[in-house]
Each structure stands twice: as structure tokens, then as C-alpha cells.
Amino acid sequence: QNIVPPWKAGTGVLWSDPDIDQETGWIVPVPRGHARGTLKLDGETMEVTGLAYHDHNYGNCAMESVFGGWFWGRLYDPGYTLIYGWVIPRNKDLPIVSPLMLAKGSNIVVSTDNLILTVEEYKLDRKYGFDLPIRLRLSCEGPGVKVDCQLKTERIVEALELPRGKSFYHYYRFLAKYEGFFLVDGVEEKVSGETLHEAMYLD
């Protein structure tokens, strides 16, 4: 059940080529929601509740043909919800796709592609050879709104090599501490807490 209404950045399309009628996109039906269900484990049944998130990539072409990977994350602060993406094209002449959503309570106050993401510290994964974004800074400024937030990774939760045809995807999920501030309509509030973020390499 949604707390924040469904969201997409602009039309939702991340890349398109009308000449060949191909596109790929990203939508977020549940930016933040309530989850309720039943978990059965080792013969025991328990009722569970919590927060929920759901997004979906779509399109009629393989994402790895257009993009080399992305950084993505969400912040579930008590008063705010922030979702961001930093999608890196294979063609260096194309811009990075940088959607960001900020909601205060259940109201979306920012929907933009003007995110600036800076990786302030990398760590080499010696097993697969990727430079991992360990410390990130997110910033964005628009009419009546400003975002400045830092994520500092505490540990790598997952590091997966996923078969994809004759090659692989490499996926990482990180647990991080975040702190910073959001300025909305002249009111500045400090935020801090714990969150997940991820890196995907479409090699």
C-alpha cells in the first residue's frame, strides 16, 4: 500500500531512438509503502509488517546495449523519502541520466533530472576488479528546494556475478549511514540515518 504516490522522472524513458523505434525506461510504482504479509520459515508461520519499495525497468531493447551501469539508492527518513539514480551511458558523448525524487510526508516536492552525484571515495573489489562507490554526495537545487546529503558505506551486503548471455552483470548492495539536510519552501531540516544503495555494472 503506497505512502508516497507512484512516480516516474519525466516520461519515465531513460533512452530512446525513434529512428529504430527502441527505448528503455524506469518507473517506481511504490516509492514508499506499507508492507504486510505472512512469512513461513522452518514450519513456523509469522505475520510481518514493514516498509515497501517497488520499481520496474522496461523497454524493447537490452539495457546493456545502451548503458554501462548505474548507481541507485533510496532514503527512508522519518519525514522524507528520497530516490535517486545515476545511469551511465556507454556512449561517452551522451549525458548521464540523473533522476531524483524527494517527498515530504506523502507529497512529492521534487521530481527532476538535475541530480549531481559525486563519488568522494572508491574501494577496489579485488575479486571482480570494479571500483566501488563507498562514499557518495548527493546534491540538487531547484525552486524552493535544496538537497545536500552524504552516504558513507558501512559494509557491502551483496556482491553478485549474474550470468547474462555470454557475459555477466555485477551487482553490489551496500549498507550506509547518511546525513545532510533538505531545504523545502524555506524550511531547512537535518536528516540522518541508515540506508541501502547499490551499484550495477552491465559488463
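See the values below:
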{"read-out": "Positive dipole terminus of the chain, leading residue within 10, 197, 31 (C-beta point charges)", "value": "197"}
{"read-out": "Surface share of carbon and sulfur [accessible, 1.4 angstrom probe, percent] for region 63-203", "value": "49"}
{"read-out": "Shape category assigned to region 149-203 from the gyration tensor of Cα positions, a/c cut at 1.5", "value": "prolate"}
{"read-out": "Highest-MSF residue in the chain out of 128, 84, 53 [GNM, Cα springs under 10 Å]", "value": "128"}
{"read-out": "Charge dipole of region 135-190 about the Cα centre (unit charges at C-beta), most positive-ward option of 145, 172, 182", "value": "172"}
{"read-out": "Listed pairs 104/190; 146/190; 92/123; 8/166 exceeding 21 Å between Cα atoms", "value": "92/123; 8/166"}
{"read-out": "Magnitude of the charge dipole, the chain, Cβ model with Lys/Arg +1 and Asp/Glu -1, debye to 20", "value": "320"}
{"read-out": "Whole-Å distance, taken between Cα centres, linking region 93-120 and region 23-81", "value": "17"}
{"read-out": "Test item: Cα-centred dipole of region 126-203, Lys/Arg +1 and Asp/Glu -1 on Cβ, debye", "value": "460"}
{"read-out": "Accessible area of region 38-123 divided out per residue, in Å², using a probe of 1.4 angstrom", "value": "55"}
{"read-out": "Selection from 107, 160, 62, by position along the positive dipole direction of the chain (Cβ)", "value": "160"}
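The values are calculated or read from the model by the stated rules, or taken from the named source; none is laboratory data. Note that the structure is a prediction, hence the values are computed from the model and not measured. Positions of Cβ are backbone-derived with ideal geometry, glycine not excepted, and every protein chain shown enters the neighbour counts. The accessibility values were calculated without ligands, DNA or RNA, using every heavy atom of the protein model including side chains. Shrake-Rupley method; radii C 1.70, N 1.55, O 1.52, S 1.80 Å.
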